[in-house]
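One structure below.
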Amino acid sequence: MTRIAIISSRSPEAEAARDELTAQYDTVEPDQAEVIVALGGDGFMLHTLHACLRRQVPIFGLNRGTVGFLMNKFRLEGLLERIKEAKEQVLHPLRMRAKLSDGKEVEALALNEVSLLRQTRLAAKIRIHVDGKVRMKELVCDGVLVATPAGSTAYNLSAHGPIIPLGTGLLALTPISAFRPRRWRGAQLAHTSKIRLEVLEGDHRPISAVADQEEYRDVLEVNIEEDRSVELKLLFDPDHNLDERILLEQFVE
């Protein structure tokens, strides 16, 4: 028998589903589980993944949120059988290292994306370096983001970035409301790329850096690269895995 823990977001729908499942299945505490069942939406899944980074325990999500791109369809029946038959998808996060205006240096991991965003009415000015070479001297914009394939259908897609299938070994570098160069739509980079985003005129054009749900204000420089030493394990029903979801997103009417 697989030892499972069942956790949920604070939404009434997710908590009700948790109560129904725990009444039906034997469970253990999360730190004793072989699989964690997470009930909620994509935001709660990201929170759960970050909380389980050290253990790297597989997570089987059930959608009790809004979009549920990283979740399976919710139903009460056959949970243990679904977990047994699920396909594992291993994801590697982005590691962000940022320098702040007060001299501090901070780090964070992002499964979806790392984004730089203007803090005031003034447009941001950012210089883009890739693998030690300046690729854009000055991007004037509301912001810019670097997305993983798993995150390419989230904020990246809303910013008109490309959808990237898993296994392609690519990252998306996408501007947010670019003013100059106005027609630049971003770039697809090798997942081994080392990206440095240099903030220009940061003293009166302040910028925040956000790694998934973790935000730092008044950054001067942000370095981003994939961290393959960290594995995040998601479990999906065989007929609706993450590869299939990313493919379907490209044919939405």
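Bear in mind that the values in this text are calculations on the coordinates, not laboratory data. Predicted model only: the values in this text are computed from it and were never measured. Cβ placement follows ideal geometry from the backbone for every residue including glycine, while neighbour counts extend to all protein chains displayed.
Place a point 7 Å from Cα of Leu122 in the direction of its Cβ. Which residues in the range 181-201 have their backbone N less than 12 Å from it?
200-201
Given a cut-off of under 8 Å on Cα pairs at least six residues apart, what relative contact order in percent is computed for the range 17-129?
Numbers: 107 pairs, mean separation 19.2, N = 113.
Worked out over the range 17-129, it gives 17 percent.
Enumerate the residues in the range 112-149 having an amide nitrogen under 17 Å from the point lying 7 Å beyond the Cα of Val230 toward its Cβ.
Counting only backbone N, you get 112-116, 146-149.
Of His191, Thr22, Pro165, which is farthest on the positive side of the dipole of the chain, counting Cα position, with +1 on Lys and Arg Cβ, -1 on Asp and Glu Cβ, and the Cα centre as origin?
Selected residue: His191.
Please compute, over every Cα-Cα pair in the range 7-144, the percentage with a separation greater than 24 angstrom.
Numbers: 4338 of 9453 pairs.
Result for the distance tail: 46 percent.
Using 0.36 nm per residue of separation minus the Cα-Cα distance, give me the extension gain between Asp131 and Asp239 in nm, one decimal. Walk me through the numbers before you get to the answer.
Working: separation 108, 0.36 × 108 = 38.88 nm, distance 3.85 nm.
Here the segment from Asp131 to Asp239 would lengthen by 35.0 nm.
Taking the Cα centre of each part, how many Å lie between the range 165-207 and the range 212-240?
Here the answer is 16 Å between Cα centres.
If you take the beta carbon distance between Arg217 and Tyr25 as r and set R0 to 45 Å, what does 1/(1 + (r/R0)^6) give as a FRET efficiency, to the nearest 0.05? Spell out each step's value before the answer.
Details: r = 43 Å, r/R0 = 0.96.
The pair Arg217/Tyr25 has a calculated efficiency of 0.55.
Kindly state, to the nearest 0.05, the FRET efficiency for Ser11 paired with Thr168, given R0 = 25 Å and r defined as their beta-carbon distance. The partial results should precede the final answer.
Numbers: r = 34 Å, r/R0 = 1.35.
Rounded to the nearest 0.05, the efficiency is 0.15.
Going from the alpha-carbon gyration tensor of the range 94-226, what semi-axes, largest first and in whole Å, does one get by taking the root of 5 times each eigenvalue?
Calculated on Cα positions only, the semi-axes equal 21, 16, 13 Å.
Just want to confirm a number: the relative contact order over the range 94-226, from Cα pairs under 8 angstrom separated by 6+ residues, in percent.
Numbers: 347 pairs, mean separation 43.5, N = 133.
With pairs under 8 Å counted, the relative contact order is 33 percent.
Can you give the translational diffusion coefficient of the chain in µm²/s, computed by Stokes-Einstein from the Kirkwood radius over Cα pairs at 37 °C and 0.692 mPa s?
Working: Rh = 19.1 Å.
This corresponds to a translational diffusion coefficient of 171 µm²/s.
Can you compute the modelled spin-label distance between Ala51 and Gln32, with each label point 7 Å from Cα toward Cβ, in nm?
1.7 nm
Evaluate the relative contact order of the chain (contact order divided by residue number), counting alpha-carbon pairs under 8 angstrom at least 6 apart; express in whole percent.
22 percent
Taking the highest mean first, how do the peptides 114-121, 144-151 order by number of other beta carbon atoms within 10 angstrom per residue? Before the final figure, lay out each step's value.
Details: 114-121: 18.4, 144-151: 26.1.
Highest-to-lowest ranking by the protection proxy: 144-151, 114-121.
Please compute the modelled spin-label separation between Leu80 and Glu107, points set 7 Å along Cα→Cβ, answer in nm with one decimal.
4.1 nm
Can you give the translational diffusion coefficient of the range 76-137 in µm²/s, computed by Stokes-Einstein from the Kirkwood radius over Cα pairs at 37 °C and 0.692 mPa s? Walk me through the numbers on the way to the answer.
Numbers: Rh = 16.2 Å.
Using the Kirkwood radius from Cα pairs, D works out to 203 µm²/s.
Placing +1 at every Lys and Arg Cβ and -1 at every Asp and Glu Cβ, with all other atoms neutral, what dipole size does the chain have around its Cα centre, in debye to the nearest 20? Intermediate values should be presented prior to the final figure.
On the way: 33 positive and 38 negative charges, 248 e Å.
My answer is approximately 1200 debye.
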